[in-house]
Structures are given as structure tokens and as C-alpha cells.
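Chemist: The structure's right below; bear with me while I get my questions together.
The values are calculated or read from the model by the stated rules, or taken from the named source; none is laboratory data. In this text, all values refer to a predicted model and were calculated from it rather than measured experimentally. Note that each Cβ is placed from the backbone with ideal geometry, even for glycine, and that neighbours are counted across all protein chains shown. Note: accessible area is taken over every heavy atom of the protein model, side chains too, but ligands, DNA and RNA are not part of it. Shrake-Rupley method; radii C 1.70, N 1.55, O 1.52, S 1.80 Å.
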Amino acid sequence: MTEQHAPKGVFAAVATPVTADFRPDLPRFLDHCRWLLANGCDGLAPLGTTGEGNSLGLADRRAILDAMADAGLPMGNVIAGTGSASIDDAVENCKAALNAGVNGLLMLPPFYYKNPSEDGLFNFFAAVADRLADRSPRIFLYHFPQISAVPFTVSLTARLREAYPGVFVGLKDSGGDFETTREFVEAFPGFEAFSGTETFAAKNISIGGWGCISATANLTAPIVAKRIAETDPGRQAELDNRIDELRNAISSVHNIGGSKGALSVYRDDPEWRRVIPPNAEIGGKRAKELADELDRIAGLDGYFRS
């Protein structure tokens, strides 16, 4: 199995701009990826919740990953969303991501049937791992029980890691409780555990975790990178407060619609507001109000105009 770790720090759960027929707008997407990497991101996490990955078909998901690789983006710094409720589709998503050269595979649990047993979940991930056995996959478990209604546990993770050494290497914890992240970090030394919010990024790194994979890092990455690098306690506290304000402002609208809305203002590009149903875009007026609020908190507009 590969020993390549993901970089620590800030990963954006990259938002996916879409066309009027809800297909990936690849030129806009690649431009945004480049901006993220130039403005604080250590890595990219496309095709997750914020990237509306589960609203895209297999072909569109593959097209996004192929476009990233063809554009010369650093695929060794990419953790791609590949989860599905179907073993076959999950494996196909994983193969497409591995073909594109990604560092890791971010996998939701099979989320349709609720209250599955630990044995059932183990068997699902074992089937995926077995079918990818010749590809040296690095799988990150995606703990987001508010959405999937299927949580990951330390017990299940331990079973998977024992049965498949070097395969189940990390976690994205979007549960919102930092103590869950801490539990995984302490249970598995060297486990590449990311928080699902930038609010906990620096704290996570300080206890041996890996940082954050965050929806709102589509906008806040420059500020979060400053916080991780900051050593002065007073300045750390100031940046922590600013990050909290930014996160709360975006989330109060909607992580997907709000992030895309603010991006549409900063990029002077209303096409960016579009989301894939059943999500709904926010209006231009609300997008401008949100962008103005983010500017008041941290002057985010300047990072797009420079």
C-alpha cells in the first residue's frame, strides 16, 4: 500500500459551478481551483457535499476529475468524493478518481437504508476495498450523520483498518462536535482526520490531526491559512473569532447556495449562483448582502480583486 500522506492544512470542499442544464462548468471550476490553491488551500476536495457530487452522474464526476488532471492541477493534493449507496457506483467513482491520480477517496456510507448494522457497513466497505485491491486506494471515511443518517464509529473504523492495512487512512468529521474528531485522532495515531469546519482546523492540527475539509473554505481559505500559520496567542484568538463570524454568516444562508452566491458577487459572475435541484440558489440581492457582510468581517473581496 502507498505510504503517501495527504498534506495537512486547509482543503476546500470545492463548489461546482454548473451550466443552465446542470452540467459541470469546467472552465469556471478549474479557474476556481487555481484561485483556491493560490489563496491558502493546501489541497482540494471536489465532488463532496458542497461540490454537489451526489447530484451529478458518473460521467460528469469523471469529467471533473479528468479535467483537473488534464489542467495540471496537483492531483496528489486532491481528496475526491467517491461515495455512493451502490457498491458498483462507488467502485466506478473510485476508479475514475484513481485514474486521475488523486491522493485519496472520500467515501460516504451507503446512506439510503437507515440504521444498518456494523457488520453491514463493514461488508459494504470491504466489498469496495476488495474490488480496488490492485489500485492501492487511500480511503477517507466521511462522517456526516446529519445528512447521511449513518455515522461512522471508532469500532467500525478499527475493524476496517485491521482487515485492510493502509487502505482506510483517514476521516472527514462533519458531525460538528470536535470531541468526535479527537476520539479518532487519539484512537489511531497517524490517522489523517480532517475536521469538516475551518473553525477547528488549527485545533485539530495541534492534537495530531490533519486540518479541515470545509465548504466555507471556498471563501475563507486565506484567513484560515493565516490562522494555522499564526504563533501569537492574541492574534490567534482574533483570527479564531473572525473565522467563526465568517463561517456563521455563510452557514446562516446555506453552505452551498451561500458560498456560490458570494462567489458570484466577488467574481462579478451571476452564473456562479446556480445550484443543482433540489438545492435552490439564493437571489442576487441576498448574495450581495452576504458578500458585503463577509467583507465587513475580513475583507474577502480583496483576495478576488488582487
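Chemist: With contacts defined as alpha carbon pairs under 8 Å and 6 or more residues apart, what's the relative contact order of the range 148-246 in percent?
Modeler: Numbers: 121 pairs, mean separation 18.1, N = 99.
The value is 18 percent.
Chemist: Under a GNM of the chain (C-alpha, springs under 10 Å), which listed residue has the highest mean-square fluctuation: Gly234, Gly40, Gly196?
Modeler: It is Gly234.
Chemist: Could you rank the peptides 279-285, 289-295 by their average count of other C-beta atoms within 10 Å per residue, with the highest value first?
Modeler: Per-residue mean Cβ counts within 10 Å order the peptides as 289-295, 279-285.
Chemist: Over the chain, what is the relative contact order in percent, taking alpha-carbon pairs closer than 8 angstrom and at least six residues apart?
Modeler: Relative contact order comes out at 18 percent.
Chemist: What number, rounded to the nearest 500 deg cm²/dmol, is the helix-based mean residue ellipticity at 222 nm of the chain, given -39500 (n - 2.57) per DSSP H run of at least four residues and division by all its residues?
Modeler: The per-residue figure over the chain is -15000 deg cm²/dmol.
Chemist: Where does each of 219-226, 42-49 land if you order them by average Cβ count within 10 Å, highest first?
Modeler: So the order, starting with the most tightly packed, is 42-49, 219-226.
Chemist: Computing the accessible area with a 1.4 Å probe over protein heavy atoms, can you report the carbon and sulfur percentage for the range 40-133?
Modeler: Values: 1590 of 3410 Å².
Carbon with sulfur: 46 percent of the solvent-accessible area.
Chemist: While we're looking at this one, here's another question. Just how many pairs of Lys in the chain have C-alpha atoms closer than 15 Å, counting pairs that are eight or more places apart or on different chains?
Modeler: 7
Chemist: Relative to the Cα centre, what is the charge dipole magnitude of the range 208-294, using +1 at the beta carbon of each Lys and Arg, -1 at the beta carbon of each Asp and Glu, and rounding to the nearest 20 debye?
Modeler: Magnitude of the dipole: close to 240 debye.
Chemist: Lys/Arg Cβ at +1, Asp/Glu Cβ at -1, dipole of the chain taken about the Cα centre: which of Trp35, Pro189, Pro233 is farthest positive-ward?
Modeler: Trp35
Chemist: Given a Förster radius of 25 Å and the C-beta distance between Glu179 and Asn248 as r, what FRET efficiency does 1/(1 + (r/R0)^6) yield to the nearest 0.05?
Modeler: 0.80
Chemist: Under 8 Å for C-alpha pairs, at least 6 residues apart: give me the relative contact order for the range 17-79, rounded to a whole percent.
Modeler: 36 percent
Chemist: About the Cα centre of the range 88-200, what is the dipole size in debye to 20, counting +1 per Lys and Arg Cβ and -1 per Asp and Glu Cβ, all else neutral?
Modeler: Roughly 220 debye, rounded to the nearest 20.
Chemist: Going through the range 88-154, which chymotrypsin sites (Phe, Trp or Tyr not before Pro) have at most 13 other Cβ atoms within 10 Å and a DSSP loop state?
Modeler: Hits after loop and neighbour filter: Tyr112, Tyr113.
Chemist: Quick one: Debye curve from the C-alpha atoms of the range 1-153, no solvent, what's log10 I(q)/I(0) at q = 0.08, 0.11 Å⁻¹?
Modeler: The calculated log intensity ratios at q = 0.08, 0.11 Å⁻¹ are -0.21, -0.40.
Chemist: Turning to a different aspect of this structure: Where both partners of a DSSP beta bridge lie in the chain, what percent of those bridges are antiparallel, to the nearest 5?
Modeler: So the antiparallel bridges amount to about 5 percent of the total.
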